[in-house]
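As structure tokens, the structure follows; a few thoughts come after it.
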Amino acid sequence: MNLKLKIANILFLDIETVPLESNWNSLSEAHQNLFEKKTQYQRKEEFTSEQFYERAGIWAEFGKIICISVGYFAENQFRVTSFYGDDETKILVNFKTLLDKHFSKPSQFLCAHNGKEFDFPFIARRMIVNQIELPKKLNLFGKKPWEVPHLDTLELWKFGDYKHYTSLKLLTSILGIPSPKDDIDGSEVAAVYYEEKNIQRIVNYCEKDTIAVAQILLKFNNQELLKEDAIVRV
């Protein structure tokens, strides 16, 4: 496919999220009840709310962002950097500053895998929770579909098929791209964060996903994949 986009105008990203609290008992009774209602359809009869709470990080109402990794092409390099830690507000403010200063032009796009269903709305919702004004790239009110500055490698791969989901791990595998899932996967992030307290391991994982998204877009455009020496972490 020919996207007819200047690759330097794309900010690739990935986020990692965890439940707001380390365990079910730390939630107030009110929030336990709200979580029970929110997840009733997904749980059915298989799990109790407490058993299901380890997955709470996938909902912006019950989860928080602990890492946003971004990557962009500049001067024959792919530069990767991350905003991470325990202070979600600081992570979001730093990400917003990056967008406002360097990725606010109409010709510039954000790109993630399943970004339209997960990353972009999750970031926007958590910004609202943290009382942070939305940057232009995330404020979609009043925009027509073709005006939304978001690219989604999952959506591109679907080719209009709304029933089809392909994971980042599967897509990189069939496209011959080095797997970003060689250490942990999304289901393990909460345990690594709350139990191992190893945020750097999560950052490394998040950055690998960001690089993989860029590689997929290059592959879609029949362009040469990034070599390791072209990837610079800043």
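The values are calculated or read from the model by the stated rules, or taken from the named source; none is laboratory data. Keep in mind that what you see is a predicted model, and the values were worked out from it rather than measured. When we count neighbours, we look across all protein chains shown, and the Cβ atoms used for this are built from the backbone with ideal geometry, even at glycine.
Descriptive notes on the structure:
- Residue in segment 163-172 that is among the aromatic types (Phe, Trp, Tyr) and either farther than 30 Å from TYR193 by Cα or at pLDDT 95 or above (or both) present: no
- Filter result for LEU140 (over 17 Å from the mean Cα position of the chain (by Cα), modelled with pLDDT of 90 or more and within 20 Å of ILE10 (Cα to Cα)): yes
- Any chance PHE73 is part of a strand (DSSP E or B) and among the hydrophobic types (A, V, I, L, M, F, W, C): yes
- Count of segment 82-99 residues, restricted to those that are in contact with a helix residue (DSSP H, G or I) (Cβ under 6 Å, 6 or more places away or on another chain) and under 22 Å from GLU196 (Cβ atoms), is 3.
- Top-ranked residue in segment 144-191 [being under 18 Å from the mean Cα position of the chain (by Cα), of a type in the set (D, E, K, R) and not in a loop (DSSP other than H, G, I, E, B); ranked as nearest to GLY115 (Cα to Cα)]: ASP152
- Any chance GLU29 is of a type in the set (D, E, K, R), farther than 22 Å from ASP185 by Cβ and touching a residue at least 12 places away in the same chain (Cβ under 8 Å): no
- Candidate set from segment 85-106 (those that are outside any loop (DSSP other than H, G, I, E, B) and basic (Lys, Arg)); member that is surrounded by the fewest Cβ atoms within 10 Å (Cβ to Cβ): LYS101
- Qualifying residues in segment 51-90 (those that are modelled with pLDDT under 95 and among the charged types (D, E, K, R)) - the one nearest to GLU133 (Cα to Cα): ARG55
- Within segment 59-81, residues that are basic (Lys, Arg) reach partners that are in a strand (DSSP E or B) and buried (at least 21 other Cβ atoms within 10 Å of the Cβ) with beta carbons closer than 6 Å, at six or more positions or on different chains, in the pairs ARG79/TYR72.
- Among residues of segment 39-66, those that are over 29 Å from LYS96 (Cα atoms) and either of a type in the set (Val, Ile, Thr) or surrounded by fewer than 17 Cβ atoms within 10 Å (Cβ to Cβ) (or both), counted: 12
- Of the residues making up segment 2-25, none is without any contact (Cβ under 8 Å) to a residue 40 or more places away in the chain and among the small types (Gly, Ala, Ser).
- The number of residues in segment 197-229 that are exposed (fewer than 13 other Cβ atoms within 10 Å of the Cβ) and assigned to a helix (DSSP H, G or I) comes to 3.
- If you check VAL70, VAL80, VAL129 for being aliphatic (A, V, I, L, M) and surrounded by fewer than 17 Cβ atoms within 10 Å (Cβ to Cβ), only one passes: VAL129.
- For segment 107-121, the condition of being surrounded by fewer than 16 Cβ atoms within 10 Å (Cβ to Cβ) and more than 16 Å from the chain's Cα centre (by Cα) holds for at least one residue.
- Residues that are assigned to a strand (DSSP E or B) and β-branched (Val, Ile, Thr) were ranked within segment 1-39; the one that is farthest from the chain's Cα centre (by Cα) is ILE10.
- Residue list for segment 169-217, filter: in contact with a helix residue (DSSP H, G or I) (Cβ under 9 Å, 6 or more places away or on another chain), over 22 Å from ASP87 (Cα atoms) and of a type in the set (Gly, Ala, Ser): GLY176, SER179, ALA212, ALA214
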